[in-house]
1. When the stretch 360-379 is examined, which residues are found to be farther than 26 Å from Val284 by Cβ and in contact (Cβ under 8 Å) with a residue 24 or more places away in the chain?
2. If a residue must be of a type in the set (Phe, Trp, Tyr) and surrounded by 24 or more Cβ atoms within 10 Å (Cβ to Cβ), how many such residues does the stretch 324-369 contain?
3. Return the residues of the stretch 287-308 that are part of a helix (DSSP H, G or I) and in contact (Cβ under 8 Å) with a residue 40 or more places away in the chain; say none if nothing qualifies.
4. Based on this model, can you work out whether Gln68 counts as assigned to a helix (DSSP H, G or I) and surrounded by 21 or more Cβ atoms within 10 Å (Cβ to Cβ)?
5. Quick one: which of Ala330, Ala252, Ala348 is assigned by TED's automatic domain parsing to the domain that holds Tyr238 and either farther than 24 Å from Gln65 by Cβ or without any contact (Cβ under 8 Å) to a residue 40 or more places away in the chain (or both)?
6. Could you say which residue among Ala264, Ala251 is over 30 Å from Ala330 (Cα atoms) and aliphatic (A, V, I, L, M)?
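The values are calculated or read from the model by the stated rules, or taken from the named source; none is laboratory data. What you see is a predicted model; the values in this text were computed from it and never measured. With ideal geometry, Cβ positions are generated from the backbone for all residues, glycine too; neighbour counts draw on all protein chains shown.
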Amino acid sequence: MLSPVPVNAQVAAGPWQARQWFWLSCGVFGVLGFGSALLGPTLGDLAQALAITLPLAGSIRSGRQLGQFVASVGCAWLGAKLSTALLGLAGFLCYSAGLLLLLLPVGLPVAVLAAVLWGLGQGGLHVVCNAEVVARMGDQAPRHVAQLHFWYSLGSIAGPLLVYLCRLTGHWGAAYALAAGTMAVLGSRLFRHQATPVSELNRAAKPRLPIGLAVLAAPMVAVSAVNMMNAGLADWSYQNAVLVAAAGPAAATAVTSAFWISVAVGRLISVRLVDLLGTGPLLVGSAAVATLGTGGIVLWGPHIPSLTAATALAGLGIAPLYPLVTALGAAATDSPTTAAGVLSAAAAASAALGPMAQGFLGGGQDGGMVLVAALALPLVLGVVLTVRQDRARKVTLSGAH
């Protein structure tokens, strides 16, 4: 039997508390995006500080990915047993501790452990904030989730810029310390009180029972496909432009920047479009745009202006898909935290596997973008089925009332 997502009592009690909570969540997501963009520009600095080679420093990124995956699985398992306040507190403590520990020159094993802690915090906070928006905002959740992820994009853009400014002062590690300190302040304010009440029934139940594969199968297909697309474009757009279009550093950077800027713009626009068009039509339209963009990357790869335009089009289409599919998937269950954790784990696993598969497919000749284009099929299928499932759920709930 389907159950409506509970609305938090604090939201019903006063709109000011709801707005304050939501903007704090946006701040947390901004710091998550900011932190996620720190590792790339500082990987060489970390390798030098730890006295290791640059290839070995890549294990720090692997450690963070592992932490994110474990946190997502943990939230999926514990989401119906523990309050989101406890999960959120654990998340921001791991996040801040991991970033600060990473700055200590204590060798690679401790650095990898720090990265795992960082990833645990990153993954846990990502799941908890998404789930709480769904639990608190009801029918307005898709718009608010889209806005939440727009702040993540803003943070991702700001991260490398702040690293550059910190490096000018001779203290690149200050960017890590700033992210850790800001998260500690925001997280402690956001999770001071228990958020969504957990009923005694949900505490006694096993998390997997009220969820069910039938409910989350379609959203899992969609988020896995879109996250694999996103990771592939993020990691391989630069090299693909160099290999296929013989692009120089400036042109290859422009292609990569076109993707990230279009993702940020797409998420900002989606906040408005979700009210104008509705979540379902926006999702289907975005999947179609992403399909056109990724297909264009393969077809027009040797032509730099066309490649740049196709990459930007793919970013626009991809931008709202993960937030909105997560909102619909989590709303389909009586435990949004568990559902968001399951979807986040699927997304994290696909993001780890996709770029590696692209490397093998490309074989040093291109960026393996044929895989990104092929992912359009499961993406469209997952999105269409998720939208149909959401409509059926709403009809069932309205009939029950």
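1. Of everything in the stretch 360-379, those that are farther than 26 Å from Val284 by Cβ and in contact (Cβ under 8 Å) with a residue 24 or more places away in the chain turn out to be Gly362, Gly364, Gln365, Asp366, Gly367, Gly368.
2. 0
3. Ala287, Ala288, Ala290, Thr291, Thr294, Gly295, Ile297, Val298, Ile304, Leu307, Thr308 - these are the residues of the stretch 287-308 that are part of a helix (DSSP H, G or I) and in contact (Cβ under 8 Å) with a residue 40 or more places away in the chain.
4. Here the answer is yes, as Gln68 does meet what is asked.
5. On the way: Ala330 fails: either farther than 24 Å from Gln65 by Cβ or without any contact (Cβ under 8 Å) to a residue 40 or more places away in the chain (or both); Ala348 fails: either farther than 24 Å from Gln65 by Cβ or without any contact (Cβ under 8 Å) to a residue 40 or more places away in the chain (or both).
Ala252 is the lone residue from the list that is assigned by TED's automatic domain parsing to the domain that holds Tyr238 and either farther than 24 Å from Gln65 by Cβ or without any contact (Cβ under 8 Å) to a residue 40 or more places away in the chain (or both).
6. Ala251
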